[in-house]
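Each value in this text was obtained by applying a stated rule to the coordinates, not by laboratory testing. Since we're looking at a predicted model, the values are computed, not measured. Because the Cβ atoms are built from the backbone with ideal geometry, glycine has one as well, and the counts that use them run over all protein chains shown.
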Amino acid sequence: MDPVTLQVMVGALRAACDEMGVVLVRSAHSANIKERRDASTGLFDADGEMVMQAEHIPVHLGAMPLAVAAVIGEEQRPGDAWILNDPYRGGTHLPDITLVSPIFSGGELLGFAASRAHHADVGGKLPGSMPADSRTLDEEGVVISPARLVREGELDEELLADICGRMRNADQRRADLRAQLAAGRTGAARVEELVERYGLETVREAMGETLDYAERRTRARIAELEDGVREARDVLEAAEGDLELCLRAEVRGDELLLDYTSSAPQHDGNLNCPLAVTLSASYFAVRVLTDPDVPACAGAYRPVKVVAPEGSLLNAQPPHAVVAGNVETSSRVADLVLAAFGRALGQGTMNNLTLGNDRFTYYETLGGGQGACPDADGPSAVHVAMSNTLNTPIEALELEFPLRAVEYAVRRGSGGDGAHRGGDGVVRELEALDEMSFSLITERRRHAPRGADGGGSGERGRNLLNGEELEPKASGNLQPGDRLRIETPGGGGHGQPSG
């Protein structure tokens, strides 16, 4: 395919993914999707390879191909849509529900449109479905094995009612799932329009060429790295003590091996990662290190091999709990890859906060400081690495939930010192106006994000309830007037400080 046509097609596919995301966000009812935009969209070819994604949530997107793989062997018909969230069959953690819609042209399967959204509740032992102390999947919510939600255009109302009926705020869950269905229809419609304009074979060729183009660019950048082995070690802050993660990264020509074999085994808590999440975090970090502007598709990951033995923390097996693995362990996996190649680390946590009772559920992740670069300070108060969501605006928070924002500010001076300083974290303090439960799943409370090349570490984060410091993983109940304060970590600095 000539370069001009290829760039036109790449732009069209990217625009289709972006429009899917807009439809999903504008149609959703929960603040988690419409305000924080905790949702992602992508397009896949008939073989299940991701040919394009919107620039949404890294932990969603790198794992989404395994969700498509979970249904690709089933009979596909025009107008169908599949639903799943099982972490061991293509999902990430249970709140992330994926919908996959086959795309047909002239009766021939051309590909799939997929969306993944973090739902504010999917059942389980705690409102918000993000318990800090879960040990099995059943405690975390409803497990949805791959199922046909729409059959030839007809929504399976019975299945939808059964799924949503086991979750809190069922009407909101139903509305958000319908928004995902609308996103899938939008993606299919845009691909079908491309076929009408350019022809089926041209579109199919463009999908293949996009994958090959991304692969060539990524291989070229890996080849610029010095051959050899690099290693990195870090820890996760489990309730029973620290869990060690280890990486052996080997560059061989234009290929990269990421081997996590020496990492801790799966544990009885919820920091376990299904393999899909480990792959996703690894791919994100490789993209950062090589060519962030490469088309966001599966071709960019072809030169990368990831090794994580079954039964390890990074390739856990059912029925181990995984709710924190998706959000926190994924962040640490990305940190390992970046640290192995000499990068200063960002906050390394999503600072997960969940609040709720029988009348509402509220979930958000909080931004923090990013690590400094060799030529620039790290950005402050941003969602970094595997998150990439927005914050919940205070106006929306106070209007919709029984909460009052007491303070929301940059945590000045929390970034690590260096020739280039790490970014600063944030302070978020909320006052409960009703009785509710809370759950905190956070990291970097015991161990600070490290700097690089002589740069200082960022400040550790802190969680406080009415001024009393909490553990990194904590849960309990709030009474009206109680105040929960979260101080997020700063990023590591880069280079020796001057003077």
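A few notes on this one:
- Spacing of the two label points (7 Å from each Cα toward its C-beta) at Val229 and Arg404, in nm: 5.9 nm
- Qualifying GluC sites (Glu not before Pro) in segment 194-241, DSSP loop, other Cβ atoms within 10 Å at most 14: Glu226, Glu240
- Projecting the Cα atoms of Ser387, Gly367, Gly490 onto the charge dipole of segment 344-499 (Cβ charges, centred on the Cα centre) puts Gly490 farthest toward the positive pole.
- Taking 0.36 nm per residue of separation and subtracting the Cα-Cα distance, full extension of the segment from Leu433 to Ala189 would add 83.3 nm.
- FRET efficiency for the pair Asp212 and Val307, taken as 1/(1 + (r/R0)^6) with r the Cβ-Cβ distance and R0 = 25 Å, rounds to 0.50.
- Taking each residue as 0.36 nm, the span from Asp156 to Ala239 lengthens on full extension beyond its C-alpha to C-alpha distance by 25.7 nm.
- Antiparallel beta bridges, as assigned by DSSP with both residues in the chain, represent about 95 percent of the total such bridges.
- Span-like helix criteria (full DSSP H runs; alpha carbon extent of at least 20 Å along the helix axis; mean Kyte-Doolittle hydropathy of at least 0.5) are satisfied in the chain by 3-27, 275-289.
- Label-to-label distance, Ala175 versus Arg359, with points set 7 angstrom from Cα along the beta-carbon direction: 1.7 nm.
- Straight-line reach from Lys34: taking Cα to Cα under 21 Å and skipping same-chain neighbours fewer than 8 places apart, no lysines fall in range.
- Dipole magnitude (debye, nearest 20) for segment 319-422, charges at Cβ of Lys, Arg, Asp, Glu: 220 debye
- The relative contact order of the chain, computed from alpha carbon pairs under 8 Å that lie at least 6 residues apart in sequence, is 14 percent.
- Structure-derived mean projected area of the Cα convex hull in nm² - corresponding label in (1) 25.9; (2) 22.0; (3) 23.9: (2)
- Cβ crowding within 10 Å averaged over residues, with 371-382, 345-356 ranked highest first: 345-356, 371-382
- Cα-based convex hull volume of segment 222-312 per residue, rounded to whole Å³: 99 Å³
- Each Lys and Arg Cβ is given +1 and each Asp and Glu Cβ -1; about its Cα centre, the chain then shows a dipole of about 600 debye.
- Candidates Leu430, Gly90, Thr202 compared by Cα position along the dipole of the chain: farthest toward the positive end lies Leu430, with charges placed on Cβ.
- Each Cα pair under 8 Å and six or more residues apart adds its sequence gap; the mean of these over the residue count of segment 79-187 is a relative contact order of 30 percent.
- Label-point gap, in nm, between Ser262 and Thr202 - each point 7 angstrom along Cα→Cβ: 5.4 nm
- Applying 1/(1 + (r/R0)^6) with R0 = 41 Å to the Cβ-Cβ distance of Asp453 and Ala15 gives a FRET efficiency near 0.55.
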